[in-house]
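Presented below is the structure to which this report refers.
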Amino acid sequence: MHKISSFTGQARHGWEKIGAPSMGFSRPQASPQDYVSAPPSVKRSMVGTSMSPHPPVPGHLVNLSFNVPFHSNLPGPDQEDVLYSSTGAFQKWIHAEGAAEDTPTHALPVHTRNVENLRSLCKQMSEGSGERLHATVTSSKPKPVPGMQRGPLTALVTNVCVSGEADVVHKMRAKILGDTPITLRREMIDIDREIVFPQGQDGARRDILEHMDDIADKTKADIFLLEAKSRRKDSESASFNTALEKSMDKRLQIHVYGDMESSENAKTRLLIMIDQILQRQVDTVRLELSLHTLLSGRHRRNVKLIESGTGTAIYFPPMFPQVFGYVPPGSVPLRGRDEIIITGESMDNILQAKKRLHELVMTTKTFVKDVQITTNKVDYILLDRLDKIRKIIEANGSYVVLPPLGNHSGVLRVQATDILNVERTVREIMGLAGQFYSASWWVTHPDPSQRQPTPSDIRAMLPDICINSGAEITFEKLNFHINGSDDSVKAAMSIINTLPFVKKAQSTLRVKVELANEHKEFVSGKKNGKINKIMSQSNVQIVFDGFNEYNFYIDVRGAQYEATKNGLDLVELEMPASISFHVPDQYHKRIIGIGGQHIQRIMKKYSVFVKFSNAMDRGGIGKDDDDIKVDNVICRTPARNADNLELVKQEIMDMVEKVDAEFVSEHVPVDRLYHRELITRMPEIEELEKKWNCKVTFPGTEQASDMITVSGPEYQVPQAVDEFLGMVPETHDIEFPTSDELSAYLRTDEFKHDQLQKLKDQYVVEAALLEPKQERQGGKDVTVERLVLSYTRNNAGGLKDAIDFLLLPFLSRGLEVNDVKGAIPRPKSDSFEDNMPFFESKLLQRAEPPVTESPTRSTFGEEGNSRSIFDKLRKPGSMSSFSSFIDRRRKNGSNSPASLFMHASSNASKASLVSMESRDSGYRNVWNDSGIELDGDAPNGHAVAGAGSSLHGNGWGSFSTTTSRPNTSSNSLSGAFDNKFPFGVNGNASSSSLNTPMIPGLGMINGAGMAASPAGLPGDQTPTTKAHDANGAEVNGDVSLLTPVVTSEADSKSADPSTASGYPAPIAPPQ
């Protein structure tokens, strides 16, 4: 394990050799042991500074007020959906009978009991301290602070105010946070109905319910078994997400409620139970906890490769045990904190997985670094940013040893397999620390005419400030010390300013803001010009105070609240706002231009600093940095100019080919049990990733999530998702009563070779005829035929058409449409077309579609003098409607089309993608590297139009992955049965029917009003030349009806293919 003591350099060509090693290494290494760090620089110690939340003088009496994050807005399950609950869970998480419908969530018995237990604990500690301590508990809803508060103020906030000696007070704070369940959460698992309710058996399996009771009893978590979403009373509510995977909604849900550690352990045990029911073997292996994420690799790549190669599922334990000290009374630990659980089809597979984990351990090098962090900010990071820490760790393949909550330890230990990943992790965590402020308010000369607060006044005043602001406050000798997030600290100061004894007194205020060292000159300006200007404007003093090798403090001091507030606001406006994104390295030189002229023009135009980093700068040559697309372009500007960041990004992205531009992520829902089948096809997935320049990321096994993430260029992701879903099989069942004639037809060669073959060729759907069964319908026995349709998820859009085609010959043989079970009805329209006949009057003018050869001339072309501009503006829904234009501007919120296409996937077909790719081709895009002004590059001509035209760029449609799809059928869920688990196996048939309407692929139409020709479907390349009519409108039939194409006379002159390039934005010489 390598120890990094104080590395500060940017690794461009590796680590610099500076002096002698500062520490020995635990095991010899070939080359990394030659790399040593710079001698540690002298930094100020944090102990005893004003940033400490309590005064350093021992024996000082202080008043500490802090909020206890009970998560009292966590709702319980709906009473009508509960099929089963563990002992006592129903009474804790369901409102009592007779409660009003609008009873708030915080009135649930579990939340009220937690508050009562806190009151008892504080009373007990106060009485047992011999009057050295006095603790009070206050619960109320926060009131809005003008201009300060964010988010809804509906949750009940519980506050504790403790008075006593400083050391004892902070020990009591640590005990309160450690003995209360402050991390309540809900975990969810989807489970097939056939597992719990086997076919042919009445009720649920008794052994499963008993095992769930046993898990709940040992972990003290509350477990509910809930009805499937599709069967709930609110499943048909009007919502944009109503159609999301209705086929998966047939699965039951298990909800686990509890604190963070016990709920995760109970969830893992339930997942192991499901694996054992599916006849999988189970074994465990112990491995040092700090190595788990290092072995997993960035985004768990290494673990997924092991699972792929061995056919196993690997469950890791919770990442941060013992950070929160709360342990439910009576709970029994079901696993060691470093115990990894592995399930597989056989013990041989599990042994192979163990062997490969052992090989990873033996070949893994670890680099360790201890970093100093502001003491009181550690607790806020643990309480508010722990999920962010988890994401940072997973993204960098590193690990962070966090101190326990309330421990007042200012040191974090970071370790990773790579020095670069250690640095990345540390810098991102230091960035989180900058999101929290600290402030002090000293009342130096109180007004003698004002009554000073008594101890009872203080105990009433501090909770009120904390509940309404969200900050933590220490009060001693008329001095306030405030800590918390940036908004909460400013809100607390605004409330303190309204107190009578503070308002009329002379005070000294100080606010400390933490910022990265690299931004010091950025904030101060040349020769401290920015800071000097702020100090002269606001009558405050600003001091830059060094802290550690990563961060420094900006100390804003003033004598009046308004002056300090204004000074802090001005400093915040000068602090850097940044945006980072990925641009392939091969475009960097062309974007920068000769001598940097292109990028300097952009930076000057928007007052934004742009920095590029290539693989060598990132230290990623030969590593997986090119495998996982990291952000390699950063745009930075003062916060007052933050609106321009998106414009700069858009202008840069317009210089990148569509196939590489605008990296986005798409979440694809696939049954989590089928992930194991997909992982075994990892070579195919890797080929898919290379083909479409995308990345497919599977969730962690212990997360039990259905969502697979596909990330890559915005234009490529829909294609990759479509091909990926081609690996996911689906089934759909159709049942209908039959007659002798129909039964005979189903078994003829005509049906098999004609209908079924056409179904397969035209709709890529295969049908299999099952044995008929007898059912009793309407008081008589009826023979029912069953057909099973098999297809892949990417072809689910044509399922309705396929069923209609299949049923067509059946209807001519006496079958009634209403008798078919599994047929998909016509989707119910969500428009107002049914009501429009009532408005057929002069109130609404209906604009008839003009007959024109160009789809855009009606909007942008020249028209006769008989039509005035007001005629255009009166069209209620036309592109030129003034009101709709204003609405679009307001809804989009920015000039960037990224807000229009926030997600990569919308309901677009391949045909629409082909037509979309030509939407920006109405203007020429020339790379003018010579700096010579061409016809189209005049300062008031095409260069300006290029920036404006970029408003329509990058608006690429894609395939929808949130439409209705049938359930996944897996045939791989069988194997050796584990006799240790007391369950029988009753089969796991998971085929079900699609019961939600769905619209077949809806493509764009061309200018002539006809469907796009099939010849254009495979084409994914951006056209380089277009035919234009006299007015500059495209006439090749590729452009969308709704997409304006702006052209200029200069474009038509310079449309020579020899001068055009494939880059969709012009670059003019520097102005």
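The values are calculated or read from the model by the stated rules, or taken from the named source; none is laboratory data. These numbers were taken from a predicted model, which means no experiment stands behind them. All Cβ positions, glycine included, derive from the backbone under ideal geometry; neighbour counts span all protein chains shown. Ligands, DNA and RNA are stripped out before the accessible areas are found, and what is left, the full protein with its side chains, is counted by its heavy atoms. Shrake-Rupley method; radii C 1.70, N 1.55, O 1.52, S 1.80 Å.
Overview of results
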quantity	calculated
Under 19 Å from the ASN539 label point (7 Å along Cα→beta-carbon), backbone N, region 510-525	510-511
Förster-model FRET efficiency, 30 Å R0, ALA460 and GLU101, C-beta, rounded to 0.05	0.30
SER140 accessible area, 1.4 Å probe, all protein chains in place, Å² to nearest 10	40
Once the Cα gyration tensor of region 665-777 is diagonalised, semi-axes √(5λ) in Å	39, 18, 11
Geometric extent, Cα atoms of region 636-706 - Rg, Dmax (angstrom)	17.9, 51
Shape of region 665-722, Cα gyration tensor, a/c cut at 1.5	oblate
Radius of gyration and Dmax over the Cα atoms of region 713-777, both given in Å	17.5, 56
Region 366-505, accessible area per residue, ligands and nucleic acids excluded (1.4 Å, Å²)	33
Simple label model, 7 Å out from Cα along Cβ direction - SER449 to ALA639, nm	3.7
Residue order for TYR84, TYR257 - accessible surface, 1.4 angstrom probe, largest first	TYR84, TYR257
Accessible area per residue in Å² at 1.4 Å probe, computed on region 84-192	52
For region 114-198: rounded, prolate or oblate by the Cα gyration tensor [a/c cutoff 1.5]	oblate
Sequence ranges 640-653, 452-465, 660-673, ranked by mean other-Cβ count within 10 angstrom, highest first	660-673, 640-653, 452-465
Accessible area per residue, Å², region 564-721 with all protein chains present, probe 1.4 Å	38
Where N is the number of residues in region 439-569, Cα Rg divided by 2.2 N^0.38 Å	1.14
